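Input: a single structure, listed below in structure tokens.
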Amino acid sequence: MQFYNLKHPEQRVSFSQAVRQGLGKDQGLFFPESLPMLDASELAELPRHQRYQKILSGFLKDTFSEPTLSEMIAKAFPFEAPLVPVGPHFALELFHGPTLAFKDFGARFMAQCLARLSDGKPITILTATSGDTGAAVAHAFHGLKGVRVVVLYPEGKISRPQEQLFCTLGDNIETLAVEGSFDDCQALVKAAFDDEELKNAIGLNSANSINISRLLAQILYFWDLALTEPNLVVSVPSGNFGDLTAGLMAKAMGAPIKRFIAATNSNDTVPRYLANGQWQPHATVATLSNAMDVSRPNNWPRVEHLLTSHGWSLTGEAVSEADTKASMQTLQILDYLGEPHCAVAFKALLNNLEDKERGAFLCTAHPAKFAESVSTILGIPVPLPKALQDAMEKPNLSKKLGNDWQQLRRYLLLQA
Ligand SMILES: *Cc1c(COP(=O)(O)O)cnc(C)c1O
């Protein structure tokens, strides 16, 4: 299957090119030329990994052989995404991977793809993270030969456990603490991708949520959810809107999902846009759900494309800090330990369910990743899982970087 640039539909590339390039001409996003329709009842019969294979091979059968794809799936997804009842609703837990966040799904599958598509050429993965992408990408690529990983993150704006998870790995993983916001980090990454000379010199590749290979992996757990409990309203806690894109793609392929709610924190560009049709990003503000502190969500063109091509509408809801805390307390009463991101999704779900509708909300991170705010808000200690405990004790290997494109450019070239 070919993938085309949403900004310049005449630019069509193979999956291999789309993965290695990340972005198309004019920073356009790649999108599959078709979304293969699948039979839900047939898929429901298959064991999990075979089901994943069936879903992915619709996109990838001319890129990887069936045995290769099967091996990639086994390596990328050794953990599950359980659907846990919470009152009359369901929590889709996406944090059972090695870095305790849903980004493990996309990052691990992307690493499997790139390792097989690089033709032995050196690769530099440059990515910006608002917290969890960095850890997921760093772990997914850690120790992979011929791949250099450089992660930018906003200094002081992510939690310490988050930082420790990816800034302590060393080897082929370099981490840069940028004096600025996540949007600044994203702008630096975009500038690097606009620089053809640099791109060729270091084999630049992005591993953030714009990479199509990550989205394909994320489609899988929306199918898991839809086959376990059909016809739910699904609330997606959103930052860059990659997760919501994958959910809409699953629905377009025939996954029985009733509709979606786009839940954001106070960085509410999308809910305001859905209400008044005006795209007016404000300055990014720091919130409890900091992995969603994004005011210029880079996957939005894909979401918009899916909505308009299917005639779907989307409900948007921005959840305040006070409501996020209250929502965590509601979850606690329902006997569920939530962290701020899933609490945003839960609140948006409760606010928008109609009579007789049942819903699910995505739990994108383990509560221990946000132990500080969780224990303050809920008044209980949150035990750290072993992986996190170990990381907390290691030295942080990050270097500092100004919010300065020339400085980053020099760094990337000098160390190459
Ligand atoms: C990245 C992230 C999100 C937002 O996901 P997008 O695909 O960028 O919308 C939500 N929650 C957590 C914990 C995350 O790490």
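Tabulated results
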| item | result |
| --- | --- |
| Pairs where the first residue, in the stretch 219-238, is within 19 Å of I55 (Cβ to Cβ) and the second is assigned to a loop (DSSP other than H, G, I, E, B) and within 16 Å of the ligand (Cβ to nearest atom), C-beta under 6 Å, 6+ apart | Y221/A81; D224/A81 |
| Flag for T63 being touching a residue at least 12 places away in the same chain (Cβ under 8 Å), surrounded by 14 or more Cβ atoms within 10 Å (Cβ to Cβ) and of a type in the set (S, T, Y) | yes |
| Candidates S266, S213 - the one that is farther than 20 Å from S34 by Cβ, more than 10 Å from the ligand (Cβ to nearest atom) and either modelled with pLDDT of 95 or more or of a type in the set (A, V, I, L, M, F, W, C) (or both) | S266 |
| Residue list for the stretch 288-324, restricted to those being polar (S, T, N, Q), farther than 18 Å from N276 by Cα and more than 15 Å from the chain's Cα centre (by Cα) | S309, S320, T324 |
| Counted residues, the stretch 223-241 - those being closer than 15 Å to G316 by Cα and either within 17 Å of the chain's Cα centre (by Cα) or among the small types (G, A, S) (or both) | 8 |
| All positions within the stretch 330-357 that are among the basic types (K, R), more than 16 Å from the ligand (Cβ to nearest atom) and modelled with pLDDT of 95 or more | none |
| Failed item in (1) within 16 Å of the ligand (Cβ to nearest atom); (2) in contact (Cβ under 8 Å) with a residue 40 or more places away in the chain; (3) closer than 17 Å to H142 by Cβ, with Q112 passing the rest | (1) |
| Only listed residue being within 16 Å of the ligand (Cβ to nearest atom) and either at pLDDT below 95 or over 24 Å from the mean Cα position of the chain (by Cα) (or both), chosen from S373, S327 | S373 |
| Tally, over the stretch 266-298, of residues that are in contact (Cβ under 8 Å) with a residue 12 or more places away in the chain, polar (S, T, N, Q) and out of contact with any strand residue (DSSP E or B) (no Cβ under 7 Å at 6 or more places or on another chain) | 7 |
| Qualifying residues in the stretch 110-136 (those that are part of a helix (DSSP H, G or I) and closer than 25 Å to P367 by Cβ) - the one modelled with the lowest pLDDT | D132 |
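The values are calculated or read from the model by the stated rules, or taken from the named source; none is laboratory data. Remember, predicted model here, so these are calculated numbers, not experimental data. Cβ: placed from backbone, ideal geometry, glycine included. Neighbour counts: every protein chain shown.
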